[in-house]
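Taking it in order: structure first as structure tokens, then the write-up.
The values are calculated or read from the model by the stated rules, or taken from the named source; none is laboratory data. Treat the numbers as computed from the prediction; the structure is a model and nothing was measured. Heads up, the Cβs are rebuilt from the backbone with ideal geometry, glycines too, and the neighbour counts pull from every protein chain shown. We work out accessible area using only protein heavy atoms, side chains counted, and drop any ligands, DNA or RNA first. Shrake-Rupley method; radii C 1.70, N 1.55, O 1.52, S 1.80 Å.
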Amino acid sequence: MPLIAVLAGDGIGPEVTAEARRVLEALGLDLSFEEAPVGGAGYLATGRPLPPETLALAKRSDAVLFGAVGDPRFEALERRLRPEAALLGLRRELGLFANIRPASIFPGLEDASPLRPEIVRNLDIVIVRELTGDVYFGEKGRRETHEGLRQGYDWMSYDEREVERIAIVGFEMAKRRKRKLCSVDKANVLETSQLWRDVVNGLAGDYPEVELTHMYVDNAAMQLVRNPTQFDVIVTGNLFGDILSDQASMCAGSIGMLPSASLNAWTGTVGMYEPIHGSAPDIAGQGKANPCAAVLSAAMLLRHSLSDEASAQRVEKAVAGALAAGFRTADLGGSHTTSEMGDAILKALA
Ligand code: NAD
């Protein structure tokens, strides 16, 4: 029986994760669930944001359903004790190198995007972002120039194995969708990007059914605003993906609608599934949080870690059904509570 580790975390994390778990349970699948504290909750319970027991549970589980971490009470702690350190620890320990962020718009929510409805209608993009390499993980530091000026530096690099494994995730994702893969880099300026492009081109022969294009990151940023529906799957490095995936999330309206998956391989993966939003301390405990992103993260869990596409689609259709029935939390301009939205999703599922 697949084991799901439920790490709900802080703020609205427990509120939205509870709704996602209710939906998974309602599917009638043979799943077991085990909860453990993480983030501020982990620190309160054990003095560490990622308690060893929580990490052990994540490692022996088939998938991690994650809420959010972050608690203003712990902002002054040293970095390794802050709630957010748990996320980096889990990514590193589980080897989660591929971050998958779909940005699609549900019919009827076009007005929630700051872009004009005709620009975002039918938006359906997946951004595949490399998560454990690039300039974020290279050597970094401070030094003095020969003129005695303070200088900061961060070393950007990718080796071909790192590029190949994330490119494979991009190609496989595209193969299952509209078969268009756009690789985003800055190969006109960066040697790291030129290697990236060479490796991605080298794999194209293995995927003749996928149309591969390349785009410079500055143009990609512009195209995401000008004509976002031209994209199907985007694959890119850690730095460019960080920025572009946040930008794409705005095309889709509320942050409360967007799920994500972090994987350690394309198949047979232990994945971590979480809404892209944080712990939202400003609305925590008030029943205002939109649980859709968490529920859609559960759908991604079914798809990627349990290979249950049919159940994943059932959940996604149930979210669409609840929205079509007029249910809206405050971030979508409505007044339904977190649990009312959850009830509506369960009703649509039935
Ligand atoms: P946030 O995503 O928590 O909130 C940003 C804004 O969006 C807030 O106004 C919030 O009320 C709203 N919002 C977020 N999720 C919502 C939902 N489901 N429904 C309705 N409204 C929602 O980002 P922030 O305020 O920058 O960060 C708050 C805390 O979360 C910080 O401690 C930060 O470090 C942490 N954080 C954690 C993660 C994570 O766990 N993956 C991600 C981002 C931020």
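Summary table
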read-out: Positions within segment 208-265 being within 16 Å of the ligand (Cβ to nearest atom), open to solvent by 10 Å² or more (accessible area, probe 1.4 Å) and assigned to a loop (DSSP other than H, G, I, E, B), in sequence order; value: SER254
read-out: Any hit, segment 291-302, residues being away from the ligand (no atom under 11 Å from the Cβ) and open to solvent by 40 Å² or more (accessible area, probe 1.4 Å); value: no
read-out: Every pair of residues 6+ apart whose Cβ atoms lie under 6 Å, when the first sits in segment 25-43 and is closer than 24 Å to ALA312 by Cβ and assigned by TED's automatic domain parsing to the domain that holds GLU84 while the second is part of a loop (DSSP other than H, G, I, E, B) and of a type outside the set (Val, Ile, Thr); value: ASP30/MET1; LEU31/PRO2; SER32/MET1
read-out: Verdict on ALA318 being away from the ligand (no atom under 16 Å from the Cβ) and over 30 Å from LEU3 (Cβ atoms); value: no
read-out: Options ARG314, ARG303; residue that is assigned to a helix (DSSP H, G or I), farther than 17 Å from ALA68 by Cβ and at pLDDT below 95; value: ARG303
read-out: In segment 191-201, the residues that are open to solvent by 30 Å² or more (accessible area, probe 1.4 Å) and over 23 Å from GLY95 (Cβ atoms); value: GLU191, GLN194, ARG197, ASP198, ASN201
read-out: Elements of type strands (runs of 3 or more DSSP E) contained in segment 98-190, each with 3 or more residues being closer than 22 Å to ALA261 by Cα and either modelled with pLDDT of 95 or more or open to solvent by less than 50 Å² (accessible area, probe 1.4 Å) (or both); value: 98-104, 124-130, 180-185
read-out: Members of segment 61-97 found to be farther than 16 Å from PRO37 by Cα and surrounded by fewer than 17 Cβ atoms within 10 Å (Cβ to Cβ), listed by number; value: PRO72, ARG73, GLU75, ALA76, LEU77, GLU78, ARG79, ARG80, ARG92, GLU93, GLY95
